[in-house]
Each structure stands twice: as structure tokens, then as C-alpha cells.
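J.: Sending over a structure as C-alpha cells; questions will come in a sec.
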Amino acid sequence: MIEFKQIEITDKDILKPVLTASGRMACDYSFGNAFAWAPVYSTQYAKVGDLVLMRTITEDYGYIYPLGQGDLKGVIEELIVEHPRLRFNAMTREQCGHLEEMFPGRFEFSVHRDYCDYLYSSEKLITLGGKKLHGKRNHINKFKALHPDFVYEPITRENLPECYAMNEEWLRQNAGDAGIQQEHTAVQRFFDHYFDLELQGALIRVDGRVVAYTMGEPINERVFDTHLEKAFYDVQGAYAIINQQFAEHVCKDYEFINREEDLGEEGLRKAKTSYQPELLLEKWYAVLK
């Protein structure tokens, strides 16, 4: 039986290089994401030779396709014996093809729209050029007109507590949403381990008050993953300005910005779609028949 352990912050040096080297663009391949959500999804990992396995445990076990080099077919055969309902999550189409070649007819493949990642051109999020993003430019222009002395700041040890206080106030204002309450477990971990995870973040101040913040990390040299973005809804344009400013100051050297899934939430889907994603990144799922 393969021995798994819970993901801890000390596992970053083991897992992050393997996740980065995979070249995948999905948020599932971000160590920070896996670590922060580990208490919610009981995320675990194991090493089998030079292969790394990661899995989540909700109603059943869900695995990321094994990473690294080694006896891939042998490891999957062992997983099949252990889990009659074996499922692989967040696969690429190529990985599905590879799995089908090794185990013809044994798996059923599908894509779930709710879990597709939104990838945006960093250049387009900086410039917001074109007719389709005209409304976003208007939001930013109105914000700047109302708050000409707004301040953009990178997150530091000194101002991180202010971002946390702002997040707690944001949480109180949106306390009725069950999904937000669950998310707060991950948010707490992002804040508690911000510097251990080597995250990058920023905030927006209006009259000295933090009204928006964001944070994330690179998945690899092509893709930056935005983990969190919060702004007060009563500050018009606050979401638009933190999005654009962070892209300009932090993400300009990356080809894509991954703003993760919408999880089927109608409002979130509308907001993410309105920014005209460059790519809706499909995540394939393979379930043992």
C-alpha cells in the first residue's frame, strides 16, 4: 500500500519544484493552492521512487495524474487495486490519451465546466484594450476620478495585518455565503504562511484605508496564479483597479494570469467571463469504470 501524508509547509521544497517542472497551467499545480486548501480537501501526497502522487479526499479519493519519472503504469495499477472508484482530477487531454493507451477502455473521461480555469493574457489585463473591455476601463477611470490620491502598495510584513483586517471586515459584510465561510479556512492559511509560501501581493488604499488586496504566486515561468482578490463592493471600481494594477506591477513578465475556477457560481462566472479570458482551460476527469 502506498503511504500518504498530509501536506505541510515544510513539504514546499519537495513538491513545488515537481509541480513547476510539470509545465501545467492549472491552479491545481500551485503548491500554495494545494497547501492552503489542504484542511478543506484533506490534501495528501506520497513519493514512489521518482514519482510524486497527490490526492484530495472529499466524498472519495481524487488524484492528480502522477508527476515526475518512474513506473507510471505500475503505480496506477496499484492505485486501481486500492481504489475501485479511482478518479484522476485536473488532467490534460494529452494525459487522458496516455491513460487510455495504458488502460484501454478502463476509464471514462469527462470535462466539468465549473472547474475550468480562466486564463487571461497579462498584457490585456494591463492595458484593457479593445471594445469588449471598454466597461472595465470606465470603472478604473471613475475610480481614479473619485480617488485621485489612491495608493498602490506591495504587501509587506508591516501592512499584511491591515490586509487581514480588511479581509475580516469583508467577511462580515458577506457572512451569509456558505462558500465564503469555507474559503476562509484557506484564506487564513494564505495569511499565516504568506512569507513561507513566497507569495506576491498588493493592496489599494483610499484615504489611508485598505479597500482592496490581492495575492498569488507563479505556477511556472509562463503562468501567474491569483489566489485571492478582495475589495469592498461599496467602493466603486475597487475590484477593477486592484486587478489592473497588480497585473501591471507584478504579472507583466508572465504570458498568462490564471484566475482559477468559478465553481459554478453564477455571479463569479459572469465576473470572470466579463474580462474576456484568453483561454478557458479544460480540466479532464478520468473515473475507473
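J.: Tell me which lysines have Cα within less than 19 Å of LYS12's Cα, excluding those fewer than 8 residues away on the same chain?
T.: By straight Cα distance, LYS12 reaches LYS47.
J.: Viscosity 0.890 mPa s, temperature 25 °C: Stokes-Einstein D of the stretch 172-212 from its Kirkwood Cα radius, in µm² per second? Display every interim value, and only then the final one.
T.: Working: Rh = 12.2 Å.
Taking Rh from Cα pairs, D becomes 202 µm²/s.
J.: Same structure, new question: Can you send over the carbon and sulfur percentage of the accessible area for the stretch 1-92, probe radius 1.4 Å, protein chains only? Write out the running numbers ahead of the final one.
T.: Details: 2050 of 4070 Å².
Exposed carbon and sulfur together represent 50 percent of the surface.
J.: Only Cα pairs within less than 10 Å get springs; with that Gaussian network setup on the chain, which residue of PHE107, PHE31, PHE190 has the largest fluctuation?
T.: PHE107
J.: Counting pairs of alpha carbon atoms under 8 Å apart in space and at least six apart in sequence, what relative contact order in percent does the chain give?
T.: Contact order relative to length: 29 percent.
J.: Now for a different question. Quick one: 3J(HN,Hα) in Hz for the stretch 58-71, Karplus 6.51/-1.76/1.60 with θ = phi - 60°, rounded, Gly and Pro as x.
T.: Values per residue, Gly and Pro as x: 10, 6, 8, 8, x, 9, 7, 3, x, 10, x, 10, x, 7 Hz.
J.: Still on this structure, please answer the following. Would you work out the relative contact order for the stretch 55-148, in percent, from Cα pairs under 8 angstrom that are 6 or more residues apart? List each step's numbers first, then the result.
T.: Numbers: 35 pairs, mean separation 17.8, N = 94.
Relative contact order comes out at 19 percent.
J.: Now a separate question. For the chain, with every protein chain kept in place, what is the accessible area per residue (1.4 Å probe, Å²)? Before the final figure, lay out each step's value.
T.: Working: 13910 Å² over 289 residues.
For the chain, the solvent-accessible area averages 48 Å² per residue.
J.: Here is a further query. So if R0 is 51 Å, what FRET efficiency would HIS134 and GLU77 give, r being the distance between their Cβ atoms, rounded to the nearest 0.05?
T.: Numbers: r = 55 Å, r/R0 = 1.07.
E(calc), rounded to 0.05, equals 0.40.
J.: If you take the beta carbon distance between SER274 and MET1 as r and set R0 to 51 Å, what does 1/(1 + (r/R0)^6) give as a FRET efficiency, to the nearest 0.05?
T.: Values: r = 48 Å, r/R0 = 0.93.
Result of the calculation: an efficiency of 0.60.
J.: Take peptides 69-79, 54-64, 129-139, 217-227 and line them up by average Cβ neighbours within 10 Å, highest first, as a rough protection proxy.
T.: Per-residue mean Cβ counts within 10 Å order the peptides as 217-227, 54-64, 69-79, 129-139.
J.: Leaving out ligands, DNA and RNA, what percent of the accessible area of the stretch 140-289 is carbon and sulfur, probe 1.4 Å?
T.: 49
J.: Under a Cβ-Cβ cut-off of 13 Å, what is the net charge of the residues other than PHE191 that fall near it, where Lys and Arg count +1 and Asp and Glu count -1?
T.: Residues close to PHE191 contribute a combined charge of -2.
J.: Taking only the alpha carbons of the chain, what extent do you get along each of the three principal axes, in Å, biggest first?
T.: Sorted from largest, the Cα extents of the chain read 62, 39, 36 Å.
J.: Next question. Using the Karplus curve 6.51 cos²θ - 1.76 cosθ + 1.60 with θ = phi - 60°, what ³J(HN,Hα) values do you get for each residue of the stretch 104-116, in whole Hz, with x for Gly and Pro?
T.: x, x, 8, 10, 9, 10, 7, 10, 10, 4, 4, 10, 6
The values are calculated or read from the model by the stated rules, or taken from the named source; none is laboratory data. Keep in mind the model is a prediction, meaning the values are calculated, not measured. So basically every Cβ, Gly included, is an ideal-geometry build from the backbone, and we count neighbours across all protein chains shown. The accessibility values were calculated without ligands, DNA or RNA, using every heavy atom of the protein model including side chains. Shrake-Rupley method; radii C 1.70, N 1.55, O 1.52, S 1.80 Å.
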